[in-house]
Amino acid sequence: MMGALEAKNISFGYDRKRKVLDDVSISVGAGERVALVGPSGCGKSTLCKVLAGHLEPWSGEVTLDGEALFGRDAGQGTGFEPWRGPGHGHRPCPVQLIYQHPEKAVNPRRKLGKTLTEAYVPGEDVLRALGIEPAWSNRYPAELSGGELQRFCIARALAPGVEFIVADEISTMLDVVTQAQIWQALIRICEVRHIGLVAVTHSPELAARISTRVVELLA
Amino acid sequence: MNNILEVKDFSLAFAMYDGVFHRRMLNVITNLNITVGEGEMVAVAGSSGSGKSLLAHGIMGILPQNAVTGGSVLWRGQPMTPKLLKKIRGRALAFVPQSVTYLDPLIRVGRQITRDKGKLGELISRYHLKPEVARLYPHELSGGMTRRIMICAALAGSPELVVADEPTPGLSRHLAEHAMKHFREMADAGAGVLLVTHDIELAIRFADRIAVFYGGTTVETADAADFVNGDGRYPNGRDGGDGAGVGQVTGDSQDAGGDGAGAGSEPDGTGRRQGDGVGLRHPYSKALWAAMPQNGFVPTPGVQPYAGDLPAGCLYAPRCPMRTQACDVAPEPRPLRGGVVSCHHAV
C-alpha cells in the first residue's frame, strides 16, 4: 500500500483576504526525499501543515496512493477530520509533521517518557539510533536542550505505518554537530523503512546532503 | 581599540527545588570570558544548550528570578549596575531576541520598531518588507518576517553595542546575509556586535572573532580566519569534504579570494571562506567544522553533558578522541597560536 504523497491544487489562507497558498501542487514518491525551499513568508510551513492534515485547505486535496488522506464526511457534518484513511482512529496518520521548535511541540508539564509513548512505544533500536539516553525520559522538557528534545519529537513521529515525514526546519535551531547526528540517523531510518521525506530548509548545502530532489516554492 | 563590553569569569546558576525544602544550584555557565571592542563583531557559536542565550540574557539583565550570577560584566570599563543598564538598554545597548514571541501581540509591528515614520520606512524597505507589513500585528507575520521586524526594532536607534541572539533562523540565505551585512556595517562604523549563532558559516564569513561554547564555558576563542585554514589564506574554490552525493549548489564561481590574514573580516560576499579548518585548536571546534553540511556532515557521537551532571574534569572529555588521563583535571584557558584554548592536548 506504499504510494506517493500528493497535494493537488491546494489553496489556503489564514483569512479571507490573503491567500498564502494559491493552487500549489507537489508530489513525493514513496521513499523519496524532497527538500522544500523558498523565500521567507512564501507558505512553506503552511504547506507542511496542509500535507500533514493540521490545516484544512480551502480547495484541493492531499492524497496518499491516490486516496484522500483528510477531509469532511459530507452527510455527517463532522467537520474537518485530520486523517480518515483506512484504519483511522486505530493507528497514527501515515503522514507525520515534525515542527521547527521542539519546545512548542511537547507538553511542558509531562515527563518526556510519557510524551515519547503518546502514539506507540518506540523500540530500543530507534532510541539508540537517535541517541536518546534512557535517563532523559525522567526529565521535563525544560531540563533538556532543543537538540535533545528534537530527538524525542523525531522518535515520536516514527510510529509503525508512517510512510511520510514532513520536517519543517527541524534542525535550524540546533548546532551543526547535533544537526548532522539527527539528520544522519533520520535518513538511515527512512531508508531502512522506505519512508518518504519532505524537508523545509534554508540552507542549500543541507538540502544537497539530505534530499534526492529540491522543490522551490515561489512567493 | 577600546572594549565596549567585557565579560570576566562569568558564571550563572539556577536555584532549583527538589521537592519543597531541598534547594540545589544548577550551574549552567562557568568561567566564561568574552570581550567586544569598538568596531568588532564577535560571534558566539557552540552547541545547543551551551548557555549562549543565557549569556545574552545575562548581559541584558533579563534573566529569570531564580538565576544567580557571578563574575563581572563591564560596560566601557564600568561595572554594569542595574542603574547603568536601565540607562543604556534600548538606546546604546540593543538586543535582538531569539524567540519570535518577544513582540507585543497587541501593538502593530510598525509602532514596535520606531515612531519615526521616515526611519521606519527606510528600515522596512531595507529588509525587503512591504510597507503594509508595518500595519500588521505579530501573529499575522511568518517566522522570517518576525525575525526581520525584531532586527529592525533593535537597529532603529543608533546602538553602540548590539547583542543579537540567533537573528537568522527562518531567514533565507539571501536575507540572512543581508542582515549580517547590516551588522557588519554597524561594526565598521565603530559599534560592537555580539552575535550568538549556530550558523557557523555566517559567523565565519562576517565576524572578526569566534568564541566557541561547550557545556557553559568557552573552549576556544579564534579568529574567524582560523576556520578557513591554517595560514589564513582563502582557499581557491571550495573544499567539499568527502563530497559524496553533494550537488554544488551556490557560491562556486568566485575567483581566488583575498590573500591573507587581515582581510579576514571583509564581508564582501564574493566567496565562501572554507578550507580544511586546521587552524582550529579545540577538538570540539574541529568537530563543529567537520559537521557543517558543506564540509563532510560528520556527526561526532555523544551529547553535551547535562548541567546537573557535569563530569569532573574537561567537559568535552567523554566525547573527545584525544582524551587521556590528564583530562580528569579541568583545563585552564591558555593562549595558543594567537587564540585562547581550554584543552590539555591542543597544539
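Here's a check for you: in segment B:46-85, which residue that is within 14 Å of chain A (Cβ to nearest Cβ) and on the phi > 0 side of the Ramachandran plot is surrounded by the most Cβ atoms within 10 Å (Cβ to Cβ)? Step by step, filter segment B:46-85, then rank; the result is B:GLY46. Can you find even one residue in segment A:37-49 that is in contact with a Pro (Cβ under 9 Å, 6 or more places away or on another chain), assigned to a loop (DSSP other than H, G, I, E, B), modelled with pLDDT of 90 or more and not polar (S, T, N, Q)? No, the conditions are met nowhere in segment A:37-49.
The set of residues from segment B:137-163 being closer than 22 Å to A:LYS17 by Cβ and assigned to a loop (DSSP other than H, G, I, E, B) comprises B:TYR137, B:LEU141, B:SER142. Before we move on, is A:ALA155 without any contact (Cβ under 8 Å) to a residue 60 or more places away in the chain, under 29 Å from B:GLY46 (Cβ atoms) and within 11 Å of chain B (Cβ to nearest Cβ)? Judged against the criteria, A:ALA155 is not a match.
Of all residues in segment B:171-190, count the ones that are open to solvent by 30 Å² or more (accessible area, probe 1.4 Å) and among the aromatic types (Phe, Trp, Tyr).
The qualifying residues number 0.
Within 12 Å of chain A (Cβ to nearest Cβ) and at pLDDT 85 or above, is that true of B:PHE183? Against the criterion (within 12 Å of chain A (Cβ to nearest Cβ) and at pLDDT 85 or above), B:PHE183 does not qualify. A Cβ distance below 9 Å, combined with a sequence gap of six or more or placement on separate chains, defines the contacts here; from segment B:127-138, residues that are among the polar types (S, T, N, Q) reach no residue that is open to solvent by 100 Å² or more (accessible area, probe 1.4 Å).
Listed here are the residues, each with its yes/no results for (1) aromatic (Phe, Trp, Tyr); (2) modelled with pLDDT of 90 or more; (3) within 29 Å of A:ALA68 (Cβ to Cβ).
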site: A:ASN107; (1), (2), (3): no, yes, no
site: A:THR115; (1), (2), (3): no, yes, no
site: A:SER145; (1), (2), (3): no, no, no
site: A:ARG151; (1), (2), (3): no, yes, no
site: A:ASP168; (1), (2), (3): no, yes, yes
site: A:MET173; (1), (2), (3): no, no, no
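A:ILE170 meets the conditions (1) under 22 Å from A:ALA7 (Cα atoms); (2) crowded, with 24+ Cβ neighbours inside 10 Å; (3) at the interface with chain B (Cβ under 10 Å from one of its Cβ atoms) in every case but one. The failed one is (3).
The conditions of being among the aliphatic types (A, V, I, L, M) and in contact with a strand residue (DSSP E or B) (Cβ under 8 Å, 6 or more places away or on another chain) are met by A:ALA207. All of (1) closer than 17 Å to B:TYR214 by Cβ; (2) modelled with pLDDT of 90 or more hold for B:ASP328 with one exception: (1). In segment A:21-48, the residue that is nearest to A:PRO204 (Cα to Cα) out of those that are of a type in the set (A, V, I, L, M, F, W, C) and within 9 Å of another protein chain (Cβ to nearest Cβ) is A:VAL37. Would you pick out the residues in segment A:173-213 that are within 8 Å of chain B (Cβ to nearest Cβ), outside any helix (DSSP H, G or I) and surrounded by fewer than 23 Cβ atoms within 10 Å (Cβ to Cβ)? Residues satisfying the conditions do not exist here.
The values are calculated or read from the model by the stated rules, or taken from the named source; none is laboratory data. Treat the numbers as computed from the prediction; the structure is a model and nothing was measured. Cβ coordinates were reconstructed from backbone atoms using ideal geometry, including for glycine residues, and neighbour counts include every protein chain displayed. The accessibility values were calculated without ligands, DNA or RNA, using every heavy atom of the protein model including side chains. Shrake-Rupley method; radii C 1.70, N 1.55, O 1.52, S 1.80 Å.
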